[in-house]
Amino acid sequence: MPQADIVELFLEGAQVVAAAVAASVVADAWDLPSVLEDQRVGGLAGHLARGGVWVVADYLDGTVEGGTVDFSSAGEYFDVLLGAVSPEDHQAVRRRGADVAAAGHGELCRVLGQRLDALGPRLRSLEAGHLMAVLGGKVMRLDDYLTTRIVEQVVHLDDLARSVDHDPWPMPAGATDVAVAVGIDIARRQDGSTALIRALYRRGWSASVFPVL
């Protein structure tokens, strides 16, 4: 998918994220447990706002050293990340979400809207093939990194909906397609094509392949 299309798909998804986080049903459940382990609804909303939207701007502010691409796709990014993540890393992710949520529902919504308004023009101004440094300074093409953020949007919006007993917030169809495609790529990388074919087409195999995150 061309970078311009990925940019627009990411921004459309970010608007859905902003609307979902701002929903009264989320505000009412802010301090209640979410469906994710050791994470309250507010912390999940904070993680979604940060990881699904505004972390992009944080990484765009970084400096890319050289032109070597470390992660050539969203699937590779997740596969490598999942292979290196520790329980302490998971705890740090939860803590960052909780820290963002600590300012309160109204403040989180305000900051998210402000950051999103600034992010759109900035992304649309970048050239195709723009390189950015992400986790640990690893370099990715912008469209591949935005693809990882679309996956974050799709997956954690569903977590948020389940946490507050709400119908799923409708994402653009293309965003769901991206999340499914990346998930299949991760499964193939982790377990191989044969295991993936069996999980998709034969009963009794999926537990060894899915979930991928």
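The values are calculated or read from the model by the stated rules, or taken from the named source; none is laboratory data. Owing to the predicted nature of the structure, the values given are computational and were not obtained by experimental measurement. Glycine gets a Cβ as well: all are built from the backbone with ideal geometry, and neighbour counts include every protein chain shown.
The table below gives the values:
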item	result
Arg110 closer than 20 Å to Tyr145 by Cβ and surrounded by 12 or more Cβ atoms within 10 Å (Cβ to Cβ)	no
Test for Glu37: is it among the charged types (D, E, K, R) and modelled with pLDDT of 95 or more	no
Residues satisfying the stated conditions in the stretch 88-115, i.e. of a type in the set (A, V, I, L, M), more than 20 Å from Gln153 (Cβ to Cβ) and either in contact with a strand residue (DSSP E or B) (Cβ under 9 Å, 6 or more places away or on another chain) or modelled with pLDDT under 90 (or both)	Ala92
Which listed residue, of Gly46, Gly42, Gly13, is part of a helix (DSSP H, G or I), touching a residue at least 60 places away in the same chain (Cβ under 8 Å), of a type in the set (Gly, Ala, Ser) and under 16 Å from Gly120 (Cα atoms)	Gly13
Positions within the stretch 22-53 being more than 18 Å from the chain's Cα centre (by Cα) and exposed (fewer than 12 other Cβ atoms within 10 Å of the Cβ), in sequence order	Ser24, Asp31, Leu32
From Ser163, Ser125, residue being of a type in the set (S, T, N, Q) and touching a residue at least 12 places away in the same chain (Cβ under 8 Å)	Ser163
Matching helices (runs of 4 or more DSSP H) fully within the stretch 106-213 where at least 1 residues are of a type outside the set (A, V, I, L, M, F, W, C) and under 20 Å from Arg50 (Cα atoms)	142-163, 173-191
Candidates Val69, Val56 - the one that is surrounded by fewer than 20 Cβ atoms within 10 Å (Cβ to Cβ) and among the aliphatic types (A, V, I, L, M)	Val69
Among (1) surrounded by 19 or more Cβ atoms within 10 Å (Cβ to Cβ); (2) within 20 Å of the chain's Cα centre (by Cα) - the single one Asp185 does not satisfy	(1)
